[in-house]
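> Sharing a structure with you now.
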Amino acid sequence: MSRPILSVALAGLLLAGCSAPLRGTGDLGLVVERADGRVMVVENTGSTVLASVPGLGDLSHAAAVYSRDARHAFVFGRDGGLTKVDMLTGTIGGRVIQSGNSIGGAISQDGSLVAVANYTPGGIKVFDAKTLEPVADIPAIGADGKASKVIGIADLPGRRFIYSLYDSGEIWIADLTDPAKPAVRKFTNIGKLPYDALITGDGRWYLAGLFGEDGIAMLDLWNLDKGVTRILDHYGKGKEPLPVFKMPHLRGWAVAGNEVWLPAIGHHQVLVVDKTTWTEKARVDVAGQPVFAMARPDGRQVWVNFAVPNYNVVQVIDVPSKTVVKTIEPGKAILHMEFTAKGERVWLSARDSDKVVVYDTETLEQVAELPAAKPSGIFFTSRAHRTGL
Amino acid sequence: MALRVSLGVIGLVLAVAFPAVAEPSEARRHQLRNMVEQDCGSCHGMTRKGGLGSPLLAEDLAKVSAEGLVETILEGRPGTPMPPWKSILSRDDAAWIVAYLLGEVK
């Protein structure tokens, strides 16, 4: 109990002193304390808290991306707040309320632009990563003439961002090579209610999960003229679905080798898709409705957490045998998981236990625990150098 | 099952007419408050200003009937991500949540 407090005090001294020893940021990260509008700066070498940063607004749904030098985090809050956090000083380096309601964001390949995906008013807003000055505002008016919520935003090579329009069922690519004149390429009629999307780590495939119908809309970013194709037409709720108590999250970390691991919707299963043929090759039964299916960085394991009421357990799947090798109970209401850069440890946020728990991914045993107030998202700086994260 | 449903309906009537009668226990109310803030908050926002789901502010909810809101919680809204919560919440729970969102109970 005294250790984290001591660490905070020590970090405070280190951060405050002008003769502070030099430090890298490669092992740092943020833990969102969602109910208090606060983030903790943590380090994952010794699993300690370095600083606590308040004043980030409504973080009931929050996400973060990192500057290319991994010095700053850009935190996207539910209330439309975009906050730049200095990871070394543990202070806010800038903050704008850029919309009424946002869902997430992305940083451009060259690190110069930060784009935020908004619900209200629907669209994206783009900011200068250094100054947070507004650069572009691209409303999402669908082919139906109505404003749409934007979801599933990711960075593409070149100063481009890809995202989906939830209400009108479209995928847009905004090219900000000339930020004063953004060029938008639109793909319409992709399917009903895309609720989240993932881009593979190589930046080639963009997959948008459809809530309004079975199937996934896929775009081959190396062959845009081919347009959107539909894969896994049975993917989705299918027959006799269970109620979906929390929207599943897709995202590029679910790619393990030649397989994409996806949470099923309305079923207690994780789907395994062959990335060369884009067909389903297996289903793994799990303990509840999956929210995140995340591959350990080496692709050997997939860790799965679940929607309420099964969110007190986490399951570890062995990828080669496609079997659940362990069911763990790290705490109450496990909302998120984040692997260290090379995957030897995973951090889990246990919202209703008010703690973050760290597991060794080889022994599958707990190795550390940090008190945190209603923790949700955990974001390590290793994301700085990955497309789509 | 039929007995449970009809009891539930009576519970609803009681809850609407006399909110105190069918009020869940304090322990359950504690769970429900947490659920509203955290689980409902994931889609509707912890400040209830909306997100993927519609706003749940008292001023928004006052425009529709309390009975309709109870139904929406229990049965969901087909065609939208709002799921039916009846496997987790009883009718009394749902009626209490509606009263809580409307600011009628704490």
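> Taking the residues in region A:193-212 that are touching a Pro at 6+ places or on another chain (Cβ under 9 Å) and farther than 18 Å from A:ASN258 by Cα as candidates, determine which candidate is farthest from the other protein chains (Cβ to nearest Cβ). Spell out the reasoning first.
Taking region A:193-212 and keeping what is touching a Pro at 6+ places or on another chain (Cβ under 9 Å), we get A:193, A:195-196, A:203, A:208-212.
Filter again for farther than 18 Å from A:ASN258 by Cα, leaving A:193, A:195-196, A:208-212.
Details: A:LEU193: 8, A:TYR195: 7, A:ASP196: 10, A:ALA208: 15, A:GLY209: 12, A:LEU210: 12, A:PHE211: 6, A:GLY212: 7 Å.
Checked region A:193-212; the qualifying residue farthest from the other protein chains (Cβ to nearest Cβ) is A:ALA208.
> Looking only at residues in region A:236-247 that are modelled with pLDDT under 65 and within 14 Å of chain B (Cβ to nearest Cβ), which one is surrounded by the most Cβ atoms within 10 Å (Cβ to Cβ)?
From region A:236-247, those modelled with pLDDT under 65 are A:236-240; that's our starting set.
Filter once more, keeping what is within 14 Å of chain B (Cβ to nearest Cβ): A:236-237, A:240.
Working: A:GLY236: 20, A:LYS237: 17, A:GLU240: 7.
Residue satisfying both the conditions and the ranking: A:GLY236.
So that you can scan it fast, the table gives a plain yes or no per residue for (1) in contact with a Gly (Cβ under 7 Å, 6 or more places away or on another chain); (2) surrounded by fewer than 21 Cβ atoms within 10 Å (Cβ to Cβ):
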{"position": "A:LEU88", "(1), (2)": "no, yes"}
{"position": "A:ASP128", "(1), (2)": "no, yes"}
{"position": "A:ILE138", "(1), (2)": "yes, yes"}
{"position": "A:TYR163", "(1), (2)": "yes, no"}
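> Right, next: Provide a single number: the residues in region B:48-79 that are within 11 Å of chain A (Cβ to nearest Cβ), surrounded by 19 or more Cβ atoms within 10 Å (Cβ to Cβ) and more than 15 Å from A:TYR119 (Cα to Cα).
1
> Sticking with this one: Would you mention how many residues in region A:138-161 are touching a residue at least 24 places away in the same chain (Cβ under 8 Å) and assigned to a loop (DSSP other than H, G, I, E, B)?
Filtering region A:138-161 for residues touching a residue at least 24 places away in the same chain (Cβ under 8 Å) gives A:138, A:140, A:142-144, A:147-161.
Still in the list and also assigned to a loop (DSSP other than H, G, I, E, B): A:140, A:142-144, A:148-149, A:157-159.
Number of matching residues: 9.
> Within the bounds of region A:334-341, is there any residue that is of a type in the set (D, E, K, R) and either within 14 Å of chain B (Cβ to nearest Cβ) or surrounded by fewer than 22 Cβ atoms within 10 Å (Cβ to Cβ) (or both)?
Of region A:334-341, the ones of a type in the set (D, E, K, R) are A:338.
The next check asks that each one be either within 14 Å of chain B (Cβ to nearest Cβ) or surrounded by fewer than 22 Cβ atoms within 10 Å (Cβ to Cβ) (or both); those that pass are none.
So far as region A:334-341 goes, no, none of its residues is of a type in the set (D, E, K, R) and either within 14 Å of chain B (Cβ to nearest Cβ) or surrounded by fewer than 22 Cβ atoms within 10 Å (Cβ to Cβ) (or both).
> Right, A:THR83: part of a loop (DSSP other than H, G, I, E, B) and among the β-branched types (Val, Ile, Thr) or not? Reasoning before the result, please.
Details: part of a loop (DSSP other than H, G, I, E, B): no; among the β-branched types (Val, Ile, Thr): yes.
No; evaluated as a whole, the condition is false for this residue.
> Can you tell me which residue among A:VAL65, A:VAL135, A:VAL126, A:VAL116 is closer than 18 Å to A:VAL41 by Cβ and part of a strand (DSSP E or B)? Show your work before the answer.
Numbers: A:VAL135 fails: closer than 18 Å to A:VAL41 by Cβ; A:VAL126 fails: closer than 18 Å to A:VAL41 by Cβ; A:VAL116 fails: closer than 18 Å to A:VAL41 by Cβ.
The conditions single out A:VAL65.
> Taking the options A:GLY377, A:GLY331, name whichever one is small (Gly, Ala, Ser), out of contact with any His (no Cβ under 7 Å at 6 or more places or on another chain) and either crowded, with 16+ Cβ neighbours inside 10 Å or within 14 Å of chain B (Cβ to nearest Cβ) (or both).
Values: A:GLY377 fails: out of contact with any His (no Cβ under 7 Å at 6 or more places or on another chain).
Among A:GLY377, A:GLY331, only A:GLY331 is small (Gly, Ala, Ser), out of contact with any His (no Cβ under 7 Å at 6 or more places or on another chain) and either crowded, with 16+ Cβ neighbours inside 10 Å or within 14 Å of chain B (Cβ to nearest Cβ) (or both).
> Kindly provide the set of residues from region A:93-112 that are more than 14 Å from chain B (Cβ to nearest Cβ), over 17 Å from the mean Cα position of the chain (by Cα) and either surrounded by 22 or more Cβ atoms within 10 Å (Cβ to Cβ) or closer than 24 Å to A:ASP167 by Cα (or both), ordered by number.
Of everything in region A:93-112, just one residue is more than 14 Å from chain B (Cβ to nearest Cβ), over 17 Å from the mean Cα position of the chain (by Cα) and either surrounded by 22 or more Cβ atoms within 10 Å (Cβ to Cβ) or closer than 24 Å to A:ASP167 by Cα (or both), namely A:GLN98.
> Among the numbered conditions (1) assigned to a strand (DSSP E or B); (2) among the small types (Gly, Ala, Ser); (3) in contact with a Phe, Trp or Tyr (Cβ under 9 Å, 6 or more places away or on another chain), tell me where A:SER99 comes up short.
(1)
> Could you check how many residues of region A:63-112 are out of contact with any helix residue (DSSP H, G or I) (no Cβ under 9 Å at 6 or more places or on another chain) and under 25 Å from B:SER42 (Cβ atoms)?
Initial filter on region A:63-112 (out of contact with any helix residue (DSSP H, G or I) (no Cβ under 9 Å at 6 or more places or on another chain)): A:63, A:72, A:74-77, A:79-86, A:92-106, A:108-110, A:112.
Checking the rest, the ones that are also under 25 Å from B:SER42 (Cβ atoms) come to A:63, A:74-77, A:79-85, A:92, A:95-106.
Counting residues in region A:63-112 that are out of contact with any helix residue (DSSP H, G or I) (no Cβ under 9 Å at 6 or more places or on another chain) and under 25 Å from B:SER42 (Cβ atoms) gives 25.
> Mind listing whichever residues of region A:173-186 are assigned to a strand (DSSP E or B) and out of contact with any Phe, Trp or Tyr (no Cβ under 6 Å at 6 or more places or on another chain)? Walk me through it before giving the result.
Narrowing region A:173-186 to residues assigned to a strand (DSSP E or B): A:173-175, A:183-186.
Those that are assigned to a strand (DSSP E or B) and out of contact with any Phe, Trp or Tyr (no Cβ under 6 Å at 6 or more places or on another chain): A:ILE173, A:ASP175, A:ALA183, A:ARG185.
> Test A:GLY203 against the criterion of being under 18 Å from A:LYS275 (Cα atoms), assigned to a loop (DSSP other than H, G, I, E, B) and in contact with a strand residue (DSSP E or B) (Cβ under 8 Å, 6 or more places away or on another chain), and give yes or no.
Values: under 18 Å from A:LYS275 (Cα atoms): yes; assigned to a loop (DSSP other than H, G, I, E, B): yes; in contact with a strand residue (DSSP E or B) (Cβ under 8 Å, 6 or more places away or on another chain): yes.
Here the answer is yes, as A:GLY203 does meet what is asked.
> If you go through region A:213-235 one residue at a time, do you hit one that is in contact with a strand residue (DSSP E or B) (Cβ under 9 Å, 6 or more places away or on another chain) and within 14 Å of chain B (Cβ to nearest Cβ)?
No, there is no match, as no residue in region A:213-235 is in contact with a strand residue (DSSP E or B) (Cβ under 9 Å, 6 or more places away or on another chain) and within 14 Å of chain B (Cβ to nearest Cβ).
> Within region A:108-136, can you find the residues that are aromatic (Phe, Trp, Tyr) and modelled with pLDDT under 95?
Filtering region A:108-136 down to residues aromatic (Phe, Trp, Tyr) leaves A:119, A:127.
Across region A:108-136, the qualifying residue is only A:TYR119.
> Across region A:48-80, which residue is nearest to the other protein chains (Cβ to nearest Cβ) among those that are basic (Lys, Arg) and over 12 Å from A:ILE107 (Cα atoms)? Give the steps one after another, and end with the answer.
Step one: of region A:48-80, the residues basic (Lys, Arg) are A:68, A:71, A:78.
Cutting the leftovers down to over 12 Å from A:ILE107 (Cα atoms) gives us A:71, A:78.
Values: A:ARG71: 29, A:ARG78: 5 Å.
Filtering region A:48-80 for residues that are basic (Lys, Arg) and over 12 Å from A:ILE107 (Cα atoms), the one nearest to the other protein chains (Cβ to nearest Cβ) comes out as A:ARG78.
The values are calculated or read from the model by the stated rules, or taken from the named source; none is laboratory data. These figures come from a predicted structure and were not determined experimentally. Note that each Cβ is placed from the backbone with ideal geometry, even for glycine, and that neighbours are counted across all protein chains shown.
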